[in-house]
Every structure is written in structure tokens, then in C-alpha cells.
Amino acid sequence: MQSLATRAFTLGLSAACVSAEGQQRPIESAQTISVQTDLVLLPVTVVDRKGALVPGLIERNFTVYDNGAPRPIQFFTSEDTPVTVGLVIDSSSSMRAVRSDVTAAGTAFAASSHPLDELFTVNFNDVVWPGLAPSVASAETIERLNHELALAPARGMTALYDALDDALDRLKAGTRDRKVLIVVSDGGDNASSHTLAGVIAKARESGAVIYSVALIDPDDPVARPAVLKQLARVTGGEMFRPDRVGDIAKVFTHIADAIRSGYTLGVVPPEGVHDSFRTIRVAVDAGDRRRLVARTRAGYYTGQVQPRPR
């Protein structure tokens, strides 16, 4: 499985491996690190009490709690490493008024991506269809993304859960170790064959971080922003609810910054635990009395996961 596997964990780093004390060690070979272990990877974003991102922390600033008990950190990096990113775009009729702004924001997000990011899109109304096929971020990709988003119609019903299920499958096929979904929707669903419970279970298994952008029409009785908030919370992401259409681009810029300035921690599960979901909490202390919050996923599965509900 993706979140817990005996496999080679490879991160393309620009210069050095960050040690436990924040020191740098030169990397031999082609600027990569491979760690062969049962490693649970935890993408972590740190914010202060005003919600501002906090870069520049080192390993000793973090403590990881597994089912309430502290676990030693076996891997740490704050390097800006490539990610596989999926844009999941609601193209139902409720999105018609904001479609052009979403297109512009998505294009701007792609332009600020790491050049080795893998980027794809999934569009949905009452059906799900791919827009941009998985591709390394580039000027050509950005132009194609803008074209695909602009062409997507805004009509029909909403199959949000089906779209998320499809996007999580596409994430799994990505070659980057860090996985992110950005979901633009009102959270409503009236056309899916999958369920919210099934999607949440699959998201937990994947280790992906989900950022959600809630675009809510106050007169729409189908809108469910709480769904988007739950998806973000359990995966270590964040939900945004722009007050004005013009703020959509700012939200996408913040998400891009969060991805670029985050941390990746790795812990090994306790011996003898199998076939269970274990909760994770990350505490952060910069040593200067700032009240900081570390966002990460709610937990991980060990062993074989039971079949997900549909």
C-alpha cells in the first residue's frame, strides 16, 4: 500500500540531506536519497496563530505521537521536493459563475509549481472525465491546462465522490512520493456511485494531502462545505472558503506556498502491530514560545486494509 510499504523512498533534493540537527551532509550520486524501510511518510505544514506558514524549522522542533505514544523520527527534510498534484475541478452547473476565475487560478498555480511536479486534472459534473493527463509541469503543460480548464463545460449534476475516487487512483500512479489533491467544489454530491466514507478511507490509505476550495452559493441547498472541511482535516490539508470570487487566485497561491514550504517526516510503526488504523499527531515547538500548529494526516493503516465501503 502507498502509505506504509517496504520500498525505496526516493526524494530528489537540490543540494543536501538535512540531519537531525539541521546540518547538511553532501549527497553522493545523483542528488537522491533512498531509504529502504517500513516508513510512514508524514507531509507536515506548520502555521502560526495567524495562519501564516512557518518555514525554517529543524527535526528537533517536532515530536510525532503514534496512538498517543511518541515515536522517533527516522527521516526528516524541509527541501522543496517534487510532488504529484491533481486538480479536481467541479464542472457542474453550480460552478458556472466562477468558472473563469477557477481557470485563471489553476493556471497561476501551475506556473508556480516545481518544474518537476507531475500535474493532472480531473473534471466532473454528473460524470467524471480527465482533463490534463499526468505530465511534468512546464510552460507547455501550463498552456494546455489553461486550454483544458477553459473548455470544460459548467453544467449538470455533481459526482464529487466519484471524481475523488478517480483522482486518488491517478495519484497512486504518480511517480513522486509526495501526493496532493486540490479540490474545487461546493461539497455537494447528487450523482456518485461512491460514498463519502469510501472516499475518506481511500484518502487515508493513499497518504495524500487534500486542499479544498469551497465555492458556496448561499442559495444552493445542495452545497456541503463540511464535506470539504472533513476531507482536508483527515489528510492534513486545509479548507479555504473565499469570501469573494477575486480571492480564488490568492487561495491557490497560498496552497502553492504551503506545498513548497512544508516538511516531510518519516516514522516506523511499533513492532507487532498489524491490520489497524493508528492515529498520528505531530507537535511542534520552535523554542521561542510561539503558538504553532502542525497539520498532518490523521493516521495511517498497518498491514492489510479491509475492503473500503462504497
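Here are PRO82, PRO70, PRO153, PRO134: which of them is in contact (Cβ under 8 Å) with a residue 60 or more places away in the chain and surrounded by fewer than 19 Cβ atoms within 10 Å (Cβ to Cβ)?
Of PRO82, PRO70, PRO153, PRO134, the one residue that is in contact (Cβ under 8 Å) with a residue 60 or more places away in the chain and surrounded by fewer than 19 Cβ atoms within 10 Å (Cβ to Cβ) is PRO153.
Can you give me the ranges of the helices (runs of 4 or more DSSP H) entirely in region 150-255 with at least 3 residues that are closer than 22 Å to PHE109 by Cβ and of a type outside the set (Asp, Glu)?
Working: elements: 160-172, 196-206, 225-235.
Those helices (runs of 4 or more DSSP H) span 160-172, 225-235.
Would you check which residues across region 85-97 are surrounded by fewer than 19 Cβ atoms within 10 Å (Cβ to Cβ) and of a type in the set (A, V, I, L, M, F, W, C) and list them?
Across region 85-97, the qualifying residue is only ALA97.
When region 48-65 is examined, which residues are found to be under 17 Å from HIS254 (Cα atoms) and crowded, with 17+ Cβ neighbours inside 10 Å?
The answer is VAL54, and nothing else.
Against the condition surrounded by 19 or more Cβ atoms within 10 Å (Cβ to Cβ) and touching a helix residue (DSSP H, G or I) at 6+ places or on another chain (Cβ under 9 Å), how does ALA110 come out, does it pass?
yes
Looking only at residues that are in contact with a helix residue (DSSP H, G or I) (Cβ under 6 Å, 6 or more places away or on another chain) and part of a loop (DSSP other than H, G, I, E, B) in region 113-136, which one is nearest to SER185 (Cα to Cα)?
GLY131
Pick from GLU143, GLU118: which is within 21 Å of ILE255 (Cα to Cα), under 19 Å from the mean Cα position of the chain (by Cα) and of a type outside the set (A, V, I, L, M)? Can you show your working first?
Working: GLU143 fails: under 19 Å from the mean Cα position of the chain (by Cα).
Exactly one residue qualifies, and that residue is GLU118.
When region 148-172 is examined, which residues are found to be at pLDDT below 75 and either within 19 Å of ASP117 (Cα to Cα) or polar (S, T, N, Q) (or both)? Give the steps one after another, and end with the answer.
Going residue by residue through region 148-172, those that are at pLDDT below 75 are 148-152.
Matches in region 148-172: GLU148, LEU149.
Against the definition (over 16 Å from the mean Cα position of the chain (by Cα) and either crowded, with 20+ Cβ neighbours inside 10 Å or assigned by TED's automatic domain parsing to the domain that holds THR175 (or both)), how does ALA226 come out, yes or no?
The answer is yes for ALA226.
Determine, yes or no, whether SER193 is surrounded by fewer than 17 Cβ atoms within 10 Å (Cβ to Cβ) and touching a helix residue (DSSP H, G or I) at 6+ places or on another chain (Cβ under 9 Å). Write out each step before concluding.
Details: surrounded by fewer than 17 Cβ atoms within 10 Å (Cβ to Cβ): yes; touching a helix residue (DSSP H, G or I) at 6+ places or on another chain (Cβ under 9 Å): yes.
Judged against the criteria, SER193 is a match.
Quick one: is GLU140 of a type in the set (Asp, Glu), modelled with pLDDT under 90 and surrounded by fewer than 21 Cβ atoms within 10 Å (Cβ to Cβ)?
Yes, satisfied.
Got a number for residues in region 240-282 being under 26 Å from LEU39 (Cβ atoms) and either out of contact with any helix residue (DSSP H, G or I) (no Cβ under 9 Å at 6 or more places or on another chain) or of a type in the set (Ser, Thr, Tyr) (or both)?
23
If a residue must be part of a loop (DSSP other than H, G, I, E, B), at pLDDT 95 or above and either over 20 Å from THR63 (Cα atoms) or in contact with a strand residue (DSSP E or B) (Cβ under 6 Å, 6 or more places away or on another chain) (or both), how many such residues does region 269-310 contain?
Count: 2.
Would you please list the contacts, defined by Cβ atoms under 9 Å and residues six or more apart or on different chains, that run from a residue in region 218-245 that is more than 30 Å from LEU41 (Cα to Cα) to a residue that is aliphatic (A, V, I, L, M) and surrounded by fewer than 16 Cβ atoms within 10 Å (Cβ to Cβ)?
VAL245/ALA97
Name every residue in region 236-274 that is more than 25 Å from PRO82 (Cα to Cα) and either charged (D, E, K, R) or crowded, with 17+ Cβ neighbours inside 10 Å (or both), in order of residue number.
Across region 236-274, the qualifying residues are ARG241, PRO242, ASP243, ARG244, ASP247, PRO269, GLU271.
Quick one: in region 156-173, of everything that is touching a residue at least 40 places away in the same chain (Cβ under 8 Å) and surrounded by fewer than 22 Cβ atoms within 10 Å (Cβ to Cβ), which residue is farthest from MET95 (Cα to Cα)?
Initially, region 156-173 is screened for residues touching a residue at least 40 places away in the same chain (Cβ under 8 Å), giving 156-158, 160, 163-164, 166-168, 170-172.
In the following step, the residues that additionally are surrounded by fewer than 22 Cβ atoms within 10 Å (Cβ to Cβ) were identified as 156-157, 166, 170, 172.
Values: GLY156: 10, MET157: 11, ASP166: 20, ARG170: 24, LYS172: 28 Å.
Taking the candidates together, the pick is LYS172.
The values are calculated or read from the model by the stated rules, or taken from the named source; none is laboratory data. Computed from a prediction, not measured in an experiment: that's the story for all the values here. Note that each Cβ is placed from the backbone with ideal geometry, even for glycine, and that neighbours are counted across all protein chains shown.
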